Amino acid sequence: MNFMEIAQTGITIIIGAMALAVVGIVVGLLYKGIDRKIAAHMQGRIGPPLRQPFLDVRKLFVKENVIPENAITWVFNLAPITGLVATITILLYLPIGGFPALLDGIIVAKGDLILILYLLMIPSLAMVVGGFASGSPYATIGAQREMATMIAYEFPLAIIIISLSWRLSLVQGTTHVFSLSTITATPLWGIVGPLGFIGLVILLLTLVIVTPAELSKIPFDSPEAETEIAGGLLVEYSGRNLAMFYLTDGVKTLVMGTLIVALFFPYNLSPLLGLESYTAIIIDILFFLAKLFCVILFSVTLIRVSIARLKIDQIVYTYWVPLTLLGLVGLICLMWDQTIMTQFGMQSIANMLGLI
Amino acid sequence: MNFLDQLLSHAPALLVAIPLLGAFLTPLIGRVNDKLRNIFVIGILGFTGILVILLAQQIFASGPITYVFGSLDPYVGKETVIRILFEIDALSIFMAMIAIVLSFSAALYSWAYMEKNTGLDKYYSLLLLLTVGMLGMVLTGDMFNFFVFLEITSIASCALIAFYINKVKSVEAGFKYIVVSTIGALFVLMAIALLYGQYDALNIAKLADSITFSFVDKIALVLLIAALAMKGGIVPMHMWLPDAYSRAPASVSLILIGTTQAGLYGVFRVLFTLYGNVITLPTISMGWALVILGLLTMLVGVIMALIQIDFKRLIAYGAIAELGYMFLGVGTCLTILANPDITLAQAPFAFEALKGGLFHVFNDALDVGLLFMVAGAVYYATKETSLNRLGGLARNMKYTTIFFIIGLLAISGIPPMNGFASKLLIYESTYQLNPILSIIAILSSIMLLAIFIKVFHAAFLGPKLPQFDTVKEVPRSMLLAMGFIAAFIIIFGLFPDLIVNTIVDPAANALIDNAGYMRWLIGG
Amino acid sequence: MIANIPYLAVVGLIIIGLSAVIFKKNLIKIIIGITIIQSGVNLFLITLGYREGSTAPIWTSSPGGVMAFPVPQALTLTSIVIGVAVTALMLSLVIHLYRHHGTLDVRKMGGDDQ
Amino acid sequence: MLDMFLQTFDTGNGFWNPIVWIVAFVVIFLIVVIIRGFGNKNYKKGTGQTKAFLSGNQEYEKTQMHVKASNLYWGWTESMKWVIDGLKKMHTGNVSDYVLWFVVVMGILLLCVGLI
């Protein structure tokens, strides 16, 4: 790699990062608006207009940026920025709009699923640290709840990610099974047998239930719990710092949605329709946005409208016992798919029944 | 042959001889001047460090070195190998680097940290002796020598743990440590005697060459593994570790990490090299034993750490959890090696796991070391270790806070710190043995994050507490020591590929390359 | 059979020592237990190097005949020396513990906090 | 030479390149700081505005405003009580028990190598 190439890569990264920052924030806020509108309709309200999140951010920018006297100023200010920045960097590694991830296509440097898992922790971590740094009892309670929630949901999340990669590593000819380009190139739905299919559905279901906690949405929003601890870890935040957290939430929704799409629905419309060049790109982007919409509708909007908030120990219990078991069942299904189904697959069942 | 070559050719002996000599000179120099003594100790350790680096360069370039004491030839007559010799391969020098980095920064840190104590001449002597013990354990190629250095390490570290002799808890911790480590060492000696009785040799290479895995060998294996794992603080034999780490002065806790890791080195050496030729024979693979002990270590470590309220005790449990990762990584490799149906080439993940485990040894020493130094700094500034009484220190101790954040991110493996690189290697290889292993490893890493975030809140964040109004930032020597380790953490984190290729990969290769270790014995 | 008696004694000593360490509540007795284990291991080393009717290998010019192998004896000597140091260290720590608690019974000292 | 430092860390199953991430992080950090710069910077120092929010209650003493370490993670400790209690019982702090565990592990390992 000579100097020119390094410079070229560097410029690509810089431009890509800039573009993604803008796209991520705009699309994230847009989906937030859609989510609010649909939730309102479900509850029989008219709801705010789609551009309401943008207005909210503008309003927050105008408000005063209060730094409480109990806060550690530099940690208090740095936390929201770090959270937002880390969230946007995840977008670099995700395949957006059906294209390979930015870092995949252009340069050799790639990130993998474990990296995304860890980067996803940083925004939550930033919220926790910000909450702790506010020096207010409400914020502290909220922050420690967020941390407990994080411990809780990472267990099933780890199961999902490791199971998928493990199953993929058994497929002939795959290398780098943790990289998203491999995962999107070989969708598991077509590879596994019937039992594995059930396992995948279970894992998808688990991931859908993990998502609201990752985004601290109802029913897993006890860290914020407006009615009991008055906004929890965000209680001391105001003005532009709060706006940063607001944006983080929007971008993170986009990230989680994209992750689910990439892991479970990496299909594109254009090969099916036989399209090429610009039309293909446009169709793919539209299709991707539609997929994203469905995922967010199910994993965020529907759940948050229909279920009431859980207590913090219930959250931990939910994730560590029923959901972990569910994830493990999914994993076991995938494992058995490999051993049992090759011997007792559809073919042999049909044989046994005398159909063939 | 110029002076440098001369020096280098005797470097293995000098590595042990220089700190040993320094240890006994320290009290003499201490009579002259305290400052001179500190400079002397740091100089001795710095010089040893340079020798380690020079030797490492040579070994990475041209393979293992056999240094025979008192002769050029390890043989007496044709068959007998009774000479004491140092057998230094890439793994030994890798461990020696860890030991020397830790002791050097501990000496630097002690300058200000221990300044107000009396009996410092003895303290520095013991510190150098402890370094001798650690270096000897990792460099030696002789089982009995290993035992002697093990005992030197135990005695020196026991005396250092009980350094605050007027505090009864320190004495208690020292007593527990010496009981546990003496019993461990006696069982090691018993195992050595068993092997010696059978094969008439004490040399590791010679023993490894002739071992047959007879009834007696099995007993010896169990005694060695159990005793050395106890020295390494593996659950459920870990209970001495939090006692010892939390009651010792912070600078001593820092070196104690090195001694526990020397114990782990013993485990790896025994399993891979001493029993390397008969690795496939145990009925249940020892690799699975290591993996399961590793998982237990992780889980018990994190759960116990989460409920601690004493700063150093909490870090000690965190350190235990980290030890589990090493066992997991190395154990995964061992299961594959021990499986006669699969060769290492068919399962490339096993080697990756081994690299991850060994890389994590270094990373753990750095991360936990930094955190112990931060805990010591907080104690130095506030005279308080209970997290229930601390708070709001980020205002007064800005640099310490930044170092703590670095340590926190590193130990919980948040990118881009060094902990992430080694954990990534472990996660992305062990899952192929069994997915559950990786899942539990990820889970404990997240719990480690929660543990240290709790410390971050309790000690550094929160409102300004009136009792800590006058707290000042710690002296420069302590900051320098913390910065030294933090620099390592950041470099290891930013260039993982470079580090893995230059030092970890040769070490991992040396561990599985039995023929290379016995090169002088089987011809060459 | 008679040649095996030392080995049985070794096993016996180690088990006695271990049980003393595990079941005795008095710190001095725990230390005694450790020294018993130590004696067991030393006895084992000595037994390994023992040869009936041999002379000790401490001659400058050998008188001929069977000589005992010196290595196990050297090992034992080292081990004894180390043992003395360890025992002294342990006893000095126990003195400090006794001064503070006024008892040697571990049950009355109270363990370290969790 | 420069290549060695920029090399992607390849674990055989995944990748990780810290340098690229750092560059992207810095770029986005700058963008975010610029965006944040459009916001209002001011607030009224030293007024009631900066007091901690306690639903209108009077603020307590500073030492009481700091939530202590042993009170954190209540939800987690509550639902994992049985594990924690068991582990606490295991850590007696008595050196005899430490040695007993050592003997137990030796027994288990003897089982592993196939002696018992």
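For the reader, a short list of remarks on this structure follows.
- So D:Trp74, is it without any contact (Cβ under 8 Å) to a residue 12 or more places away in the chain and away from chain C (no Cβ under 14 Å): yes
- Residues located in segment C:59-84, provided they are exposed (fewer than 15 other Cβ atoms within 10 Å of the Cβ) and under 12 Å from the mean Cα position of the chain (by Cα): C:Leu77, C:Ile80, C:Val81, C:Val84
- Of all residues in segment A:142-179, those being assigned to a helix (DSSP H, G or I) and either within 7 Å of another protein chain (Cβ to nearest Cβ) or in contact with a strand residue (DSSP E or B) (Cβ under 8 Å, 6 or more places away or on another chain) (or both) number 15.
- Options D:Lys62, D:Lys88; residue that is surrounded by 16 or more Cβ atoms within 10 Å (Cβ to Cβ) and among the charged types (D, E, K, R): D:Lys62
Yes/no per residue for (1) part of a helix (DSSP H, G or I); (2) within 14 Å of the chain's Cα centre (by Cα); (3) crowded, with 24+ Cβ neighbours inside 10 Å:
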{"position": "B:Gly329", "(1), (2), (3)": "yes, no, yes"}
{"position": "B:Asp341", "(1), (2), (3)": "no, no, no"}
{"position": "B:Phe359", "(1), (2), (3)": "yes, yes, yes"}
{"position": "B:Asp364", "(1), (2), (3)": "yes, yes, yes"}
{"position": "B:Val368", "(1), (2), (3)": "yes, yes, yes"}
{"position": "B:Val374", "(1), (2), (3)": "yes, no, yes"}
{"position": "B:Val378", "(1), (2), (3)": "yes, no, yes"}
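- Cβ-Cβ under 9 Å pairs, at least 6 apart or on other chains, segment C:69-92 side more than 9 Å from chain B (Cβ to nearest Cβ), far side surrounded by fewer than 16 Cβ atoms within 10 Å (Cβ to Cβ): C:Pro70/C:Ala56; C:Pro70/C:Pro57; C:Pro70/C:Ile58; C:Gln73/C:Ala56; C:Gln73/C:Pro57; C:Leu91/C:Ile28
- Matching entry among C:Ile14, C:Ile31, C:Ile37 (being under 16 Å from the mean Cα position of the chain (by Cα), in contact (Cβ under 8 Å) with a residue 60 or more places away in the chain and surrounded by 20 or more Cβ atoms within 10 Å (Cβ to Cβ)): C:Ile31
- Residues satisfying the stated conditions in segment B:328-359, i.e. among the β-branched types (Val, Ile, Thr) and free of Cβ contacts under 8 Å to residues at least 60 places away in the same chain: B:Ile342, B:Thr343
- Candidate set from segment B:386-417 (those that are more than 9 Å from chain D (Cβ to nearest Cβ) and either aromatic (Phe, Trp, Tyr) or more than 30 Å from B:Lys472 (Cβ to Cβ) (or both)); member that is surrounded by the most Cβ atoms within 10 Å (Cβ to Cβ): B:Gly413
- Condition check for B:Leu424: outside any helix (DSSP H, G or I), touching a helix residue (DSSP H, G or I) at 6+ places or on another chain (Cβ under 7 Å) and crowded, with 24+ Cβ neighbours inside 10 Å: no
- Residue list for segment B:34-48, filter: crowded, with 18+ Cβ neighbours inside 10 Å and not hydrophobic (A, V, I, L, M, F, W, C): B:Arg37, B:Asn38, B:Thr48
Per-residue answers, yes or no, for (1) on the phi < 0 side of the Ramachandran plot; (2) in contact with a helix residue (DSSP H, G or I) (Cβ under 6 Å, 6 or more places away or on another chain); (3) away from chain B (no Cβ under 14 Å); (4) part of a helix (DSSP H, G or I):
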{"position": "A:Gly10", "(1), (2), (3), (4)": "yes, no, yes, yes"}
{"position": "A:Ala21", "(1), (2), (3), (4)": "yes, yes, yes, yes"}
{"position": "A:Ile46", "(1), (2), (3), (4)": "yes, no, yes, no"}
{"position": "A:Val57", "(1), (2), (3), (4)": "yes, yes, yes, yes"}
{"position": "A:Val66", "(1), (2), (3), (4)": "yes, yes, yes, no"}
{"position": "A:Glu69", "(1), (2), (3), (4)": "yes, yes, no, no"}
{"position": "A:Thr82", "(1), (2), (3), (4)": "yes, yes, no, yes"}
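- Residue tally, condition within 31 Å of the chain's Cα centre (by Cα), among the aromatic types (Phe, Trp, Tyr) and facing chain A (nearest Cβ under 7 Å), over segment D:25-69: 3
- Selection from segment A:116-140 of residues that are at the interface with chain D (Cβ under 7 Å from one of its Cβ atoms) and buried (at least 24 other Cβ atoms within 10 Å of the Cβ): A:Gly135, A:Ser136, A:Tyr138, A:Thr140
- Residues that are over 30 Å from A:Ala139 (Cβ atoms) and surrounded by 18 or more Cβ atoms within 10 Å (Cβ to Cβ) do not occur anywhere in segment B:462-469.
- When residues of segment A:301-341 are limited to those that are outside any helix (DSSP H, G or I) and among the hydrophobic types (A, V, I, L, M, F, W, C), the one farthest from D:Leu72 (Cα to Cα): A:Ile307
- Restricting segment B:207-220 to residues that are in a helix (DSSP H, G or I) and surrounded by fewer than 24 Cβ atoms within 10 Å (Cβ to Cβ), the residue that is farthest from the chain's Cα centre (by Cα): B:Phe215
- Among all residues of segment B:226-239, there is none that is within 15 Å of B:His360 (Cβ to Cβ), within 11 Å of chain D (Cβ to nearest Cβ), over 15 Å from the mean Cα position of the chain (by Cα) and not in a loop (DSSP other than H, G, I, E, B).
For (1) within 27 Å of B:Tyr427 (Cα to Cα); (2) free of Cβ contacts under 8 Å to residues at least 12 places away in the same chain; (3) within 12 Å of chain D (Cβ to nearest Cβ), each residue gets a yes or a no:
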{"site": "B:Leu241", "(1), (2), (3)": "yes, no, yes"}
{"site": "B:Ile257", "(1), (2), (3)": "yes, no, no"}
{"site": "B:Ala289", "(1), (2), (3)": "yes, no, yes"}
{"site": "B:Ile307", "(1), (2), (3)": "yes, yes, yes"}
{"site": "B:Leu314", "(1), (2), (3)": "yes, no, yes"}
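- When segment B:482-496 is filtered for residues that are buried (at least 21 other Cβ atoms within 10 Å of the Cβ) and within 9 Å of chain D (Cβ to nearest Cβ), the ones remaining, listed by number, are B:Gly493, B:Phe495, B:Pro496.
- The residues on offer are A:Phe287, A:Phe298, A:Phe293, A:Phe245, and the sole one that is within 14 Å of chain D (Cβ to nearest Cβ), touching a residue at least 24 places away in the same chain (Cβ under 8 Å) and not in a loop (DSSP other than H, G, I, E, B) is A:Phe245.
- Given (1) under 20 Å from the mean Cα position of the chain (by Cα); (2) surrounded by fewer than 24 Cβ atoms within 10 Å (Cβ to Cβ); (3) over 30 Å from A:Ala148 (Cα atoms); (4) not polar (S, T, N, Q), index of the condition B:Ile284 fails: (1)
- Selection from segment A:59-74 of residues that are surrounded by fewer than 20 Cβ atoms within 10 Å (Cβ to Cβ), β-branched (Val, Ile, Thr) and under 18 Å from A:Ala126 (Cβ atoms): A:Thr73
- Qualifying residue in segment A:186-208 (condition: at pLDDT below 80, in contact with a strand residue (DSSP E or B) (Cβ under 9 Å, 6 or more places away or on another chain) and surrounded by fewer than 24 Cβ atoms within 10 Å (Cβ to Cβ)): no
The values are calculated or read from the model by the stated rules, or taken from the named source; none is laboratory data. Because the structure is a prediction, the values reported are computed rather than measured. Cβ atoms come from the backbone with ideal geometry, glycine included; neighbour counts cover every protein chain shown.
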